[in-house]
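To keep things clear, I will list the structure first and then write my remarks on it.
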Amino acid sequence: MTLSAHAGRPAASVLLLTFLLTLTDATCTFDRVLAPGDSFELPAPLELAIARHALNDRLDISVDPADGATDLASRDNYAALQIGTDKTADFSVTGAAVTGTAGQTVTAPLTFKNNGPAWFANLGSGDPAAKVRLIVPTGTTVTGVPADCVPHTLTGGYYEKRTGAPRYDCALPYWVSESAERTYAFQLRIDAAVPGTTGEVSIHPEFGDFAFDPDTTNNTAALAVN
């Protein structure tokens, strides 16, 4: 019988987790023969050390028969333990200030950053850790859209064209490290050079709120044009 335990940051599969992320992976093999109805316990309790960047973590435990034996009901061979930690993760967003003349196209870099000290992940749902939202400044048109950004109407409805939308939502991965930083560079055409024109940049959860974020004052910023 083989018992495997995986603890660390999540990924789509154990293989990906092993190569890309911090992970503790322990495999224990026992040569004891278990008759129907028998049970087995570890000889000592499993101990875990909490990392400094921990926030919402998970311990995955699975068991598989050895020596080519067949498990007739493998659906109950896996269990997961959620591990919560009293830590925070300060999400922030930075806007930009661009200048240009009417008809000119400029680049507006909008940046998400996790200031830590903890990482964050939507372990169960796999939803984005956050979405960066741009409300496009009046008098400008988006002509170039980053790959992870989706066009919307102002109220969040469907917008058929990729460019020219009044709002864009850019999805982050479902986990972000304690020092993650992601920049979305929009191409913006200035249709009318009006001093003081601004758009809004903000970050939003897929659902609920950022209960772990100790400072939500840096969750909004401005995209200033001229």
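Residues whose amide H falls under 5 Å from that of Val136, counting only those 5 or more places apart or on a different chain, are Arg167, Tyr168, with hydrogens built in the peptide plane. Each of Asp67 and Leu42 was given a label point 7 Å from its Cα along the Cα-to-Cβ line. The distance between the two points is 2.4 nm. Going by accessible surface with a 1.4 Å probe and the largest first, Leu42, Leu188 read Leu42, Leu188.
Using the C-alpha atoms of region 93-225, what convex hull volume per residue, in cubic angstrom, is computed?
103 Å³
Name the residues whose placed amide hydrogens come within less than 5 Å of the amide hydrogen of Ala180, ignoring near sequence neighbours (fewer than 5 apart) on the same chain. It is Asn114, by chain and number. In loop segments of region 183-226 as defined by DSSP, the chymotrypsin sites (Phe, Trp or Tyr not before Pro) with at most 14 further C-beta atoms inside 10 Å of their C-beta are Phe207. A value for mean projected area of the Cα convex hull in nm² was derived from the coordinates, and within the list (i) 16.2; (ii) 12.1; (iii) 13.2 it appears as (i). With a Förster radius of 41 Å, plug the Cβ-Cβ distance of Thr107 and Ile83 into 1/(1 + (r/R0)^6) and report the FRET value to the nearest 0.05. The formula returns an efficiency of 0.45 here.
For Asp215 and Thr99, calculate 0.36 nm times their separation in residues minus their Cα-Cα distance, and state this gained length in nm to one decimal. The partial results should precede the final answer.
Values: separation 116, 0.36 × 116 = 41.76 nm, distance 3.01 nm.
Difference between extended and current length: 38.8 nm.
For region 59-150, compute the orientation-averaged projected area of the C-alpha convex hull (one quarter of its surface), in nm². Present the calculation step by step, with values, prior to reporting the outcome.
On the way: hull surface 42.9 nm².
Average projection, Cα convex hull of region 59-150: 10.7 nm².
Only protein heavy atoms count here; under a 1.4 Å probe, Ile135 has an accessible surface of about 50 Å². By the Cβ rule of 4.7 Å, the chain holds the following cysteines without a possible disulfide partner: Cys28. Here r is the Cβ-Cβ distance between Asp76 and Asp127 and R0 is 35 Å; the resulting FRET efficiency, rounded to 0.05, is 0.85.
When each of the peptides 28-36, 85-93, 194-202 is scored by how many other beta carbons lie within 10 Å of its residues on average, the order from highest to lowest is 85-93, 194-202, 28-36.
What part of the accessible area of the chain, given as a whole %, is carbon or sulfur when the probe is 1.4 angstrom? Don't jump to the answer; show the numbers that get you there.
On the way: 6880 of 12680 Å².
Reported share for carbon and sulfur atoms: 54 percent.
The residues of the chain expose, per residue, 56 Å² of accessible area to a 1.4 Å probe.
When all protein chains stay in place and ligands, DNA and RNA are ignored, the 1.4 Å accessible-area order of Glu160, Glu181, largest first, is Glu160, Glu181.
Considering only Ser202, Leu172, Ala224, and ranking their Cα positions along the charge dipole of region 172-226 that arises from unit charges at the beta-carbon of Lys, Arg, Asp and Glu, the one farthest toward the positive end is Ala224.
The values are calculated or read from the model by the stated rules, or taken from the named source; none is laboratory data. All values reported here derive from a predicted model rather than from experimental measurement. In this analysis, Cβ positions are derived from the backbone assuming ideal geometry, glycine residues included, and neighbour counts consider all displayed protein chains. Please note that ligands, DNA and RNA were not included when accessible areas were found on the heavy atoms of the full protein model with its side chains. Shrake-Rupley method; radii C 1.70, N 1.55, O 1.52, S 1.80 Å.
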